[in-house]
Amino acid sequence: MSDSPPIVRILNLSKAYRRGSLEVPVLHDISFDIQSGEFLSLMGPSGSGKSTLLNLIAGIDRADSGSILVEGLEITTLSETELAAWRAGAVGFIFQFYNLIPVLTALENVELPLTLSGLSKRERREHARMCLELVNLSHRLDHYPGQLSGGEQQRVAIARAIVTDPVLLVADEPTGDLDRVSAAEILDLMERMNGQLGKTIIMVTHDPRAAQRAHVLRHLDKGVLSNDDPAHPL
């Protein structure tokens, strides 16, 4: 890998959830680095802590102990307001069920993250159009989510994720609700975002076919990072 500093550094990260008087451990003393431009896949059985780890890296959740540095910024020390502002500009989210707003068109859904950016309406629209063109949906700008296939909705979601030019793309089971053909198209697109745009991608998946698209495979089991294998060395 590169000699440059990692884009993400995770040190001694632990997390537990509380249910009444019970404490349920989820992650145990996790430490690893993610290099800039890496396509990382997190795999593991249900309940292994994959999505929790993803949410901690993305600043959606907070760790009990340990630290996460993204581009040298320790996000674990930020206030809720600072964290929200950082997350809005630095992280693009791709979810299993798309999370599109049904009453907004594809263009309006993609434009949404830019509403607080200070860009003019025309500039926001131009950015959104460009991102929809990147995902081959320029012919669907005015369609609503309900008028799009699952694969098309996920492509809109990817366009929305990259519209702010984020540092990280985080994807939680991005192909989990798609048929095999649509899933392959989405994975092709994510590989293109990684290879052509240089986006650092962190993907949680249970699908070995999806995981094989990544450069690095990491396995979680019962909250412990068990190994680190290149998916297929380039």
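Things to note:
- Among the residues of this structure, Gln96 does not count as one that is outside any loop (DSSP other than H, G, I, E, B) and either over 16 Å from Ile57 (Cβ atoms) or free of Cβ contacts under 8 Å to residues at least 24 places away in the same chain (or both).
- Residue in segment 164-180 that is part of a helix (DSSP H, G or I) and not acidic (Asp, Glu) present: yes
- Wholly within segment 18-91, strands (runs of 3 or more DSSP E) carrying at least 2 residues that are within 17 Å of the chain's Cα centre (by Cα) and surrounded by 17 or more Cβ atoms within 10 Å (Cβ to Cβ): 39-43, 65-70
- Pick from segment 108-158, criterion of a type in the set (Val, Ile, Thr) and part of a helix (DSSP H, G or I), ranking: farthest from Ala84 (Cα to Cα): Val156
- Residues of segment 159-208 satisfying the condition of being farther than 16 Å from Lys50 by Cβ and among the small types (Gly, Ala, Ser): Ala159, Ala161, Ser182, Ala183, Ala184, Gly195, Gly198
- Count of residues meeting criterion [more than 17 Å from Leu42 (Cα to Cα), within 14 Å of the chain's Cα centre (by Cα) and of a type in the set (Val, Ile, Thr)] in segment 155-185: 5
We did not get these values from a lab; they are worked out from the coordinates using the rules stated. Since the structure is predicted, the reported quantities are computational estimates derived from the model, not experimental observations. Here Cβ is always computed from backbone atoms with ideal geometry, including for glycine, and neighbour counts include all displayed protein chains.
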